[in-house]
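The values are calculated or read from the model by the stated rules, or taken from the named source; none is laboratory data. These figures come from a predicted structure and were not determined experimentally. Here the Cβ is made from the backbone with ideal geometry for all residues, glycine too, and neighbour counts use every protein chain on show. Note: areas computed on protein heavy atoms with side chains; ligands, DNA, RNA excluded. Shrake-Rupley method; radii C 1.70, N 1.55, O 1.52, S 1.80 Å.
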Amino acid sequence: MYLPSFSTALADSAFPFNWIHDAIRLFVVYLAAFFNASPQSIEALGSNSSGEYLIGLGIGDVTGPVVETNMMGYAYLPQTDTGLHMRQRSRAFIVADASNPSERVLFINSDICMGDTGIRRTILSSLQSSYGDLYTAANTALVGTHAHSGVGGYLENLLPQVTSLGYVNATAAAIVSGTLKAIADAHNSLVPGNLKLGNTTLLNANRNRSPSAYLANPEWERAMYEGNQDTTVTVLGFENADGDATGLLSFFPVHGTSLYENNTLVSGDNKGMAAWMYESYIEPSSMPGNNSFVAGFVQSNVGDTTPNTLGAYCESPGKPWDGQPCEFEHSTCGNRTEDCHGRGPGFNISDFESNRIIGQAQFEATRTVMEGSNMTAVSGSVKSAHVYLDMTNYSFALPNGTLARTCPAALGYSFAGGTTDGPGAFDFIQGDNSSQSQNPFWEVVKRFITPAPSEEQIACHHPKPILLNSGYNHKPYDWSPGTVDVQMMRVGQFVILVMPGELTTMAGRRMRNALRAKLIAEGVLDDRAYVVIAGPANTYGHYITTREEYGVQRYEGASTIFGPATLDAYIHKYSELVPYLGDSAAGMPSSNAAPPEQTSKAISLQTSVVVDNPPIFKHFGDVLVDVESNTYHTGDTVAARFVGANPRNNLRLEGTFLTVDRQTNSGWVVVRTDSHPSTTYQWNRTSKVLGTSTVDIRWTIEDGTPAGTYRITYYGDSKSLLGSISAFTGESSSFTVR
């Protein structure tokens, strides 16, 4: 799983000759921010005066190879995909100043685990060719929903590629092409419109998975909040000039781990489910991906959250601790991590039911906001600011004048301990920051993987005991990022902190509070300022904890790769960008160099499809196991098995591997595709030598399905020994739904 002291930055004043005045002003504003910290008040946003924008929305299919490819998120080698639950999609949102359309932002919310430097670089290069300087590194954000059930192998650095056997170009190409399609649709659909803002509280849809680390934060700070996870859903609604809703962005922190690491069906997890629910609610007759209303469910300060809301329990049959809650500080069962698993709300049914419940909770909370009467108009300038920041040795002053710096990337022992969403293996556990307690075997083994850390590196990362000194490993190419994207977007009073990593709950609170206070103190915004976090985006810089949580060295602290000053560094650098969001701001902030390109160096060990063959006396698409009955009812599952071919031959982007068809007076009509959560597509290789395979298609009949005659259709593509690809179809017998 590559999940991996409040700062004020007074020294960053844009007016050095008025430093004392600004320091006093900023201190007062920060106090106000602290004592009115959560949730931010929509009532404080002022009147409903409308500021008109140009808005455009689009959606594109980014589903990579759904078989024979490791999935991204859990870093679990056996989790190789075998089929499809729901397609992954990118959703693009463009907002431009109607009076100055060159001032615009492009926000991409994609059903991938996290944004990536290489993917973003390729997208920006294509946008430059198509639109010139309209979409740039400064105003374009690539944000992942952090789904752990998507296709892997697309990240540019080597470490996340280990379990995917290197770089998977097909995955990356699908993400790029689908995202560019979404952007083109958004760009071509720009029309005058308005934005509105609202929020609500959502309970029982997330939980803190590292509560012992959260408790390390100061008691006075924890007392400011009702719980150890954020429960605010913030909704930015899009509407046309007639006042009709056209889309939304909904921000809420919950890990995309509703589907467990033993799941092998590609899916958008709970945020992909929420998006499908909302889009199909607005346009029930549209097939997924063909909708004009676009709903983006955005990840926020997700680091220590989990959708497994029932808690973590020991699953150790035959052991005395079986069924008991996991040990609190280290999340262990019998002093080992492997049997400690989080349980979602649908645990007694399936993780897919948990996924539905958490997705539906986000959908319903968002709908409550969108259909309520308390949303406030967004008005004001459209601005963005961006720099590249070299985090390998970033030196800066803390508010008290103390110098601090970040470190070249390194991962601690607890990184290998995993989390309750996806436990680690061997004898690694969370929350152990003593190098003396580590197994000496791993002390030897790790030096064959990454260079031994220097005394300076050890001191910089203290108290993290370093397992992987990845920042010093550049062969055959960089294992971890060194330079990250620091980006902010402003639309009126609404500001998005686009983060290159996963902030924990308290880290996110400190980040939001500090930047909101800075925006007000600098006069960029008044007390209407509303700040949200979006990430992991653009570059994956792993985790961002508070300094206190870092000291506990649970998974999140061990995965804070740039050391204990990481959060302070981001608060400092993002604060420096604040003046560039002002109404009359001009120029660009100074920046480090962009990170070096890695994709051309990438290694891939995934073999290509050699050949597909049907069994003797059979043809592709032939039905091997037909539907069992002539008649089905709501809640029943209809299944059929076909002679298959490898779906890697054709990803069928913007298409489908299956349909459920209903017979009408004018012929067969498609009513379900492989993007509906009621269907699943599963591929099975029956003989590598002969090149034979089967495909199982299932449809669980939903409530409200009209009575009638139906069939299942399979769409496949076979590869000959000479390399040609041929499309084919297969059809089940018809059956009746009563």
Checklist outcome for this item: PRE zone check, label point 7 Å out along Cα-to-Cβ of E628, amide N under 15 Å, scope the range 675-698, hits 697-698
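Run the helix sum for the chain: -39,500 (n - 2.57) per DSSP H stretch of 4+ residues, divided by residue count, reported at 222 nm to the nearest 500 deg cm²/dmol.
Numbers: 13 runs with 145 residues, N = 738.
When only DSSP H runs of four or more count, the value is -6000 deg cm²/dmol.
Find the eigenvalues of the gyration tensor of the Cα atoms of the range 452-571, then list the square roots of 5 times those eigenvalues as equivalent ellipsoid semi-axes, largest first, in whole angstrom. It would help to have the intermediate numbers written out before the result.
Working: eigenvalues 182, 49, 24 Å².
Ellipsoid semi-axes (Å, largest first): 30, 16, 11.
When the Kirkwood radius is taken over all Cα pairs of the range 187-288, what Stokes-Einstein diffusion coefficient follows at 10 °C and 1.306 mPa s, in µm²/s? Before the final figure, lay out each step's value.
On the way: Rh = 16.9 Å.
Calculated translational D: 94 µm²/s.
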Next on the checklist: Give me the net charge for the shell around N157: Cβ to Cβ below 10 angstrom, other residues only, Lys and Arg +1, Asp and Glu -1.
Outcome noted: -3
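For the range 285-400, what does the accessible surface come to per residue with a 1.4 Å probe? Please give it in Å². Please list the in-between numbers first.
Numbers: 4650 Å² over 116 residues.
With all protein chains present, the range 285-400 gives 40 Å² per residue.
Which value, in Å to one decimal place, does the Kirkwood hydrodynamic radius take for the chain when every pair of different Cα atoms is included?
On the way: mean 1/r = 0.0381 Å⁻¹.
Taking the inverse mean of 1/r over all distinct Cα pairs, the chain comes out at 26.3 Å.
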Item to check | Qualifying chymotrypsin sites (Phe, Trp or Tyr not before Pro) for the range 602-692 [loop in DSSP, other Cβ within 10 Å: at most 16] | outcome: F617
Item to check | Cα pair distances of the range 632-693 binned at 10 Å [whole percent] | outcome: 16, 43, 30, 10, 1
Next on the checklist: So, for the range 621-674, what is the accessible surface per residue at a probe of 1.4 Å, expressed in square angstrom?
Outcome noted: 46 Å²
Item to check | Whole-angstrom Cα spans of the range 664-703 along principal axes, big to small | outcome: 45, 24, 14
Item to check | Separation in nanometres of the label points that stand 7 Å from Cα toward Cβ, at L203 and N188 | outcome: 4.7 nm
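At R0 = 30 Å, how high is the FRET efficiency between N400 and E219 if r is their beta carbon distance? Nearest 0.05 is fine.
Working: r = 21 Å, r/R0 = 0.69.
My answer for the efficiency is 0.90.
What size of dipole, in debye to the nearest 20, comes out for the chain about its Cα centre when the only charges are +1 on Lys and Arg C-beta atoms and -1 on Asp and Glu C-beta atoms?
Details: 47 positive and 69 negative charges, 159 e Å.
Once rounded to the nearest 20, the dipole reads 760 debye.
Rg to Rh for the range 49-132: what is it, with Cα atoms only and Rh by Kirkwood? Let's see the in-between values first.
Working: Rg = 17.1 Å, Rh = 15.5 Å.
Rounded to two decimals, Rg/Rh equals 1.10.
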Item to check | Where the range 61-189 is the region considered: accessible area per residue in Å², 1.4 Å probe | outcome: 24 Å²
Next on the checklist: If Rh is defined by the Kirkwood formula over all Cα pairs and Rg also comes from Cα, what ratio Rg/Rh do you get for the range 559-621?
Outcome noted: 1.40
Checklist entry - Just for the Cα atoms in the range 272-415, what are the lengths along the principal axes, largest first, rounded to whole Å? => result 54, 53, 29
Checklist entry - Can you give the accessible area of K464 in Å² (nearest 10), computed on protein heavy atoms with a 1.4 Å probe? => result 10 Å²
Item to check | Positive dipole terminus of the range 487-623, leading residue within H542, Y580, L567 (C-beta point charges) | outcome: L567
Item to check | chymotrypsin sites (Phe, Trp or Tyr not before Pro) restricted to the range 306-371 and DSSP loop, no more than 14 other C-beta within 10 Å | outcome: F328
Checklist entry - Among K271/K464; K196/K383; K618/K719; K601/K688; K464/K601; K464/K573, which pairs are too far apart, with a Cα-Cα distance over 26 Å? => result K271/K464; K601/K688; K464/K601
Next on the checklist: Quick test of your reading: applying the under-4.7 Å Cβ rule, which cysteines of the chain are isolated?
Outcome noted: C113
Next on the checklist: With a 1.4 Å probe and all protein chains kept in place, how much accessible area does E371 have, in Å² rounded to the nearest 10?
Outcome noted: 110 Å²
Item to check | S454 versus L605: modelled label distance in nm, points set 7 Å from Cα along the beta carbon direction | outcome: 3.1 nm
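When DSSP beta bridges are limited to those with both residues in the range 470-558, what percentage is antiparallel, rounded to the nearest 5?
On the way: 5 of 12 bridges.
Percentage antiparallel, nearest 5: 40.
Report the FRET efficiency, 1/(1 + (r/R0)^6), for S734 and F617, where r is their Cβ-Cβ distance and R0 is 25 Å, rounded to 0.05. Show your work: numbers first, answer last.
Working: r = 25 Å, r/R0 = 0.98.
The value I calculate is 0.55.
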Item to check | Label-to-label distance, nm, for residues given as S102 and T368 (7 Å Cα→Cβ offset) | outcome: 4.5 nm
Item to check | Estimated FRET transfer efficiency when R0 is 51 angstrom, pair M588-H462 (beta carbons, to 0.05) | outcome: 0.90
Checklist entry - Using a 1.4 Å probe on the protein chains only, how many percent of the accessible area of the chain belongs to carbon and sulfur? => result 53 percent
Next on the checklist: Using protein chains only and a probe of 1.4 angstrom, how many square angstrom of H85 are accessible, to the nearest 10?
Outcome noted: 10 Å²
